[in-house]
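Worksheet: the structure to be examined is printed underneath.
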Amino acid sequence: MASGDDSPIFDDDESPLYNLEKMTDLVAVWDVALSDGVHKIEFEHGTTSGKRVVYVDGKEEIRKEWMFKLVGKETFCVGAAKTKATINIDAVSGFAYEYTLEIDGKSLKKYMENRSKTTNTWVLHLDGQDLRVVLEKDTMDVWCNGQKMETAGEFVDDGTETHFSVGNHDCYIKAVSSGKRREGIIHTLIVDNREIPELPQ
């Protein structure tokens with residue numbers, strides 16, 4: 001011991017004990033990609049107290065202390081479109097529990113598989129910031145970093161163009177038939193006359 005001061009070199013709220021105590025009941029974390037962005041859902045389940053806490057993007061949505069029933073479900077909303085989400089708590093064996101997330105009544109896996117068919121997503125870097133552009137194919141709504149964009153549709157010789165602006169950049173999503181029934185329509189994002197590659201789903 002070099003100095004007579006035995007106090008730890010970290011603040012009280014930074015102490016490992018504090019963090020450990022705070023996170024002991026954290027049992028599940030999911031990342032859910034919606035049109036307005038990727039949302040983090042965290043679930044705390046105290047298996048002795050029955051406590052249930054749901055956080056969406058770090059904000060507490062549900063807190064229930066002292067629940068006698070340890071299994072069940074918690075339902076809440078996620079994102080700008082207030083998408084319905086449910087966490088199911090099931091006993092597996094003894095004191096082991098399984099936590100599953102459903103989005104819009106479908107398992108997260110099924111929901112994401114379905115979304116990959118109904119949306120296109122592009123990620124690009126523009127004016128020093130990362131942008132995530134999402135096209136909802138069924139409504140032709142365009143989202144950019146959580147904001148629904150004002151768009152103008154236009155028919156062109158080989159399909160349609162959905163125009164919108166990001167800052168002072170002209171953007172449009174071109175929809176052209178692939179000529180193949182199985183592939184359907186191909187959507188391409190063009191920013192300042194440059195094609196942006198689509199994010200693999």
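Can you tell me which residues in the stretch 40-56 are modelled with pLDDT under 95 and surrounded by fewer than 18 Cβ atoms within 10 Å (Cβ to Cβ)? Listed by number, the residues that qualify are Gly46, Thr47, Thr48, Ser49, Gly50, Lys51.
Per-residue answers, yes or no, for (1) among the hydrophobic types (A, V, I, L, M, F, W, C); (2) out of contact with any Lys or Arg (no Cβ under 8 Å at 6 or more places or on another chain); (3) over 19 Å from Leu34 (Cβ atoms):
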| residue | (1), (2), (3) |
| --- | --- |
| Val134 | yes, yes, no |
| Met140 | yes, yes, no |
| Gly146 | no, yes, no |
| Asn168 | no, yes, yes |
| Tyr172 | no, yes, yes |
| Val191 | yes, yes, yes |
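Residue count for the stretch 153-171, restricted to those that are of a type in the set (Ser, Thr, Tyr) and buried (at least 16 other Cβ atoms within 10 Å of the Cβ): 2.
Leu199 meets the conditions (1) touching a Lys or Arg at 6+ places or on another chain (Cβ under 9 Å); (2) within 24 Å of Ala80 (Cα to Cα); (3) open to solvent by 70 Å² or more (accessible area, probe 1.4 Å); (4) without any contact (Cβ under 8 Å) to a residue 40 or more places away in the chain in every case but one. The failed one is (4). Applying the criterion of being among the polar types (S, T, N, Q) and closer than 26 Å to Lys148 by Cβ to the residues of the stretch 68-110, the residue that is farthest from the chain's Cα centre (by Cα) is Thr75. Just give me the residues in the stretch 57-95 being part of a strand (DSSP E or B) and open to solvent by less than 40 Å² (accessible area, probe 1.4 Å), in sequence order. Across the stretch 57-95, the qualifying residues are Ile62, Gly72, Glu74, Phe76, Val78, Thr83, Ala85, Thr86, Ile87, Asn88, Ile89. Looking only at the stretch 26-37, which residues are open to solvent by 20 Å² or more (accessible area, probe 1.4 Å) and under 20 Å from Thr139 (Cβ atoms)? The answer is Ala33, Asp36. The residues of the stretch 134-156 that are assigned to a strand (DSSP E or B) and either in contact (Cβ under 8 Å) with a residue 60 or more places away in the chain or more than 19 Å from the chain's Cα centre (by Cα) (or both), listed by number, are Val134, Glu136, Asp141, Trp143, Gln147, Lys148, Ala152, Gly153, Glu154, Phe155, Val156. Just one of (1) touching a residue at least 40 places away in the same chain (Cβ under 8 Å); (2) under 30 Å from Thr188 (Cα atoms) fails for Lys117. It is (1).
The values are calculated or read from the model by the stated rules, or taken from the named source; none is laboratory data. It should be emphasised that the depicted structure is a prediction, and the values quoted were computed from it without experimental measurement. Here Cβ is always computed from backbone atoms with ideal geometry, including for glycine, and neighbour counts include all displayed protein chains. Keep in mind that these areas ignore ligands, DNA and RNA; they rest on the heavy atoms of the full protein, side chains included. Shrake-Rupley method; radii C 1.70, N 1.55, O 1.52, S 1.80 Å.
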